[in-house]
Every structure is written in C-alpha cells, then in structure tokens.
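One structure below.
The values are calculated or read from the model by the stated rules, or taken from the named source; none is laboratory data. Computed from a predicted structure; not experimentally measured. Backbone-built Cβ (ideal geometry, glycine too); neighbour counts: all protein chains shown. These area figures cover heavy atoms from the full protein model, side chains too; ligands, DNA and RNA do not enter into them. Shrake-Rupley method; radii C 1.70, N 1.55, O 1.52, S 1.80 Å.
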Amino acid sequence: MCTLLSPAKAGPDLALWGLHLAMALSYAKIGREGDALRHWDEADRAARALGEDYVHSWLIFGRAMVDAYMIIIQADLMHSGYAIQQAARVDLDKMPSATRRSFHASETARAHHMRDEPLATVPLLSKANRESPDTFGFSLFARSAVPDLVEGGRCRGPSRRRTARLGTRTRSLTTPRFEL
C-alpha cells in the first residue's frame, strides 16, 4: 500500500488525500464515472476528517475544494443538472484562492451553458472574470462560450453587451500579436 496516502495519517498529512481529486477529475474527463466518484469519495472522507474550516495552505485542499470539484466532475460526465445542484451547495467564498474561485464559477457557467441557459451562464462568467481576470481570460470554456453567446444570438440587450465586454477580455489575453 502507498504510505503517502495511508488512511492512518492525520492532520495536514491527510490533505495529501487531495490527490484523489486529481484522479477523480482525470477519470471524469474520460467518462469513467465509477472510478471518478470512488476517488472523489476518498477525498471527501479526508476533507470530513480534517473538518469544515480546514484549508491546506498550499494545496488549498479542504471541504470547499472537494465540494467544488464535484461541479467539474459532474460537468465532465455530462451531468449538467447534477453539476448545477452541487454548485448551489458550494460556498466559493470559503476558498482562499481567487484563481480557484474564478475557475469554479466558470465551471458552473459551463454546466448552465450545456443546458442552453445563457441568462445563468453570463452572470457566472462575469463573476469568474471579477474573481480573477487572468484565470478567466485563459479559460478554454470562456474563450469558446463568449463568442458562441454573442455571435450565436443567444444573448440580447444588456446581457449581450455584457457578454461582448467579456469577449474583449478573453481576446486581449489570448490573441497572439504579430509584428510584420
């Protein structure tokens, strides 16, 4: 058995069980739901043992992170409804990392976008941009969703203008500039 992830560990060493989140996410991305949920359950068990308010200083592993990862896992498994339900239970303000808050807001937006809900998608993308403009600007989902929302005519009026401003943000960070 791997001693690094021994269940006998306690305190900050138990935070290493956050590695199960990475495994869960990897399995979700290739559609292996059972393996994804099994590894998420292991991370959840460690987070519960560490307590509601525990957050590892550099891994950012804790209750809020484990809960937020379920949003991504469910979205990757194409269960947008479950992802949205999970997002309603997650308090992103408990995450000390603006980068992580931005990423998880964007992932919640992705779940709404999968359900063709632009009125829910746009405010979440705006929130992701406010939390961390750099994280938002380099988000592959944001880079594809914003043009889809604007050019596809799925947003109108103030929502369209707001989305168009977000599009300017993603293009300014990601469009290579060439000098001839």
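For residue 88 and residue 16, calculate 0.36 nm times their separation in residues minus their Cα-Cα distance, and state this gained length in nm to one decimal.
Here the answer is 23.3 nm.
Starting from the Cα of residue 57, step 7 Å toward the Cβ, then list every residue of segment 87-130 with an amide N under 17 Å from that point.
Answer for this model: 96-97.
What part of the accessible area of segment 34-130, given as a whole %, is carbon or sulfur when the probe is 1.4 angstrom?
51
Per-residue HN-Hα couplings for segment 113-123, Karplus 6.51 cos²θ - 1.76 cosθ + 1.60 at θ = phi - 60°, whole Hz, x for Gly and Pro?
Result, ordered by residue: 5, 4, 9, 6, 10, x, 5, 8, 5, 4, x Hz.
What length, rounded to one decimal in nm, is gained on full extension from residue 25 through to residue 115, with 0.36 nm per residue of separation minus their alpha-carbon distance?
30.3 nm
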